[in-house]
1. Kindly indicate whether residue 20 is touching a residue at least 12 places away in the same chain (Cβ under 8 Å) and either surrounded by fewer than 17 Cβ atoms within 10 Å (Cβ to Cβ) or touching a Cys at 6+ places or on another chain (Cβ under 7 Å) (or both).
2. Give, as residue ranges, the strands (runs of 3 or more DSSP E) completely inside the range 31-106 that count at least 3 residues that are under 16 Å from residue 11 (Cβ atoms) and touching a residue at least 12 places away in the same chain (Cβ under 8 Å).
3. Look at residue 12 and say whether it is in a helix (DSSP H, G or I) and on the phi < 0 side of the Ramachandran plot.
4. Could we say that residue 89 is modelled with pLDDT under 95 and among the polar types (S, T, N, Q) here?
5. Restrict the check to the range 19-33 and report whether at least one residue is under 14 Å from residue 85 (Cα atoms), in contact with a helix residue (DSSP H, G or I) (Cβ under 9 Å, 6 or more places away or on another chain) and modelled with pLDDT of 95 or more.
6. Just to be sure before I move on: is residue 63 of a type outside the set (A, V, I, L, M) and within 18 Å of residue 38 (Cα to Cα) in the structure I sent?
7. Within the range 26-66, how many residues turn out to be exposed (fewer than 13 other Cβ atoms within 10 Å of the Cβ) and of a type outside the set (Asp, Glu)?
Amino acid sequence: MTTQPLDLLPLADQLEAFIQESVPNASRVSKYGGTLFTLKPELKEGQFCGVFIYAAHVQVSISHGMQLDDPKKLLLGTGKTRRHINFKSINEVDFDALKHLLIQASEFK
């Protein structure tokens, strides 16, 4: 049973739909309490992004985010490779910039 705040579920659903629209051949995998998106579902580490609901925001986590072109400086974090963007409402989403990051991450080799 989920304990996620219900008011953030529609935001997470909208972000997941946008990711699927931006990278149509991606597969969804439920893992780590969220939804991962991958072009290589058979590989353990094949995901390029994920959507996770937290108490106060929905996070889009992006693999290889440290190495992506991010001209609007949306990506947060200090880990070795992953970066993330937190959203509290759909109005905060810069869809063009997010799509730019998602496509790069999905094509990262």
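1. Values: touching a residue at least 12 places away in the same chain (Cβ under 8 Å): yes; either surrounded by fewer than 17 Cβ atoms within 10 Å (Cβ to Cβ) or touching a Cys at 6+ places or on another chain (Cβ under 7 Å) (or both): yes.
Here the answer is yes, as residue 20 does meet what is asked.
2. On the way: elements: 34-38, 47-53, 58-62, 83-87.
The qualifying strands (runs of 3 or more DSSP E) are 47-53, 58-62, 83-87.
3. On the way: in a helix (DSSP H, G or I): yes; on the phi < 0 side of the Ramachandran plot: yes.
Yes: the conditions hold for residue 12.
4. On the way: modelled with pLDDT under 95: yes; among the polar types (S, T, N, Q): yes.
Spelling it out, residue 89 is indeed modelled with pLDDT under 95 and among the polar types (S, T, N, Q).
5. The first filter runs over the range 19-33 and keeps only residues under 14 Å from residue 85 (Cα atoms), leaving 19.
With the extra rule that they be in contact with a helix residue (DSSP H, G or I) (Cβ under 9 Å, 6 or more places away or on another chain), the set shrinks to 19.
From what is left, the residues that are modelled with pLDDT of 95 or more are 19.
Yes, the range 19-33 contains a residue that is under 14 Å from residue 85 (Cα atoms), in contact with a helix residue (DSSP H, G or I) (Cβ under 9 Å, 6 or more places away or on another chain) and modelled with pLDDT of 95 or more.
6. On the way: of a type outside the set (A, V, I, L, M): yes; within 18 Å of residue 38 (Cα to Cα): yes.
In short, yes.
7. Start the filter on the range 26-66 by keeping residues that are exposed (fewer than 13 other Cβ atoms within 10 Å of the Cβ), which leaves 30-33, 40, 42-45, 55-56.
Narrowing further to those that are of a type outside the set (Asp, Glu): 30-33, 40, 43-44, 55-56.
Qualifying residue count, the range 26-66: 9.
The values are calculated or read from the model by the stated rules, or taken from the named source; none is laboratory data. Here the structure is a predicted model, which is why all the values come from computation and not from measurement. Note: ideal-geometry Cβ built from the backbone for every residue, glycine included; neighbour counts use all protein chains shown.
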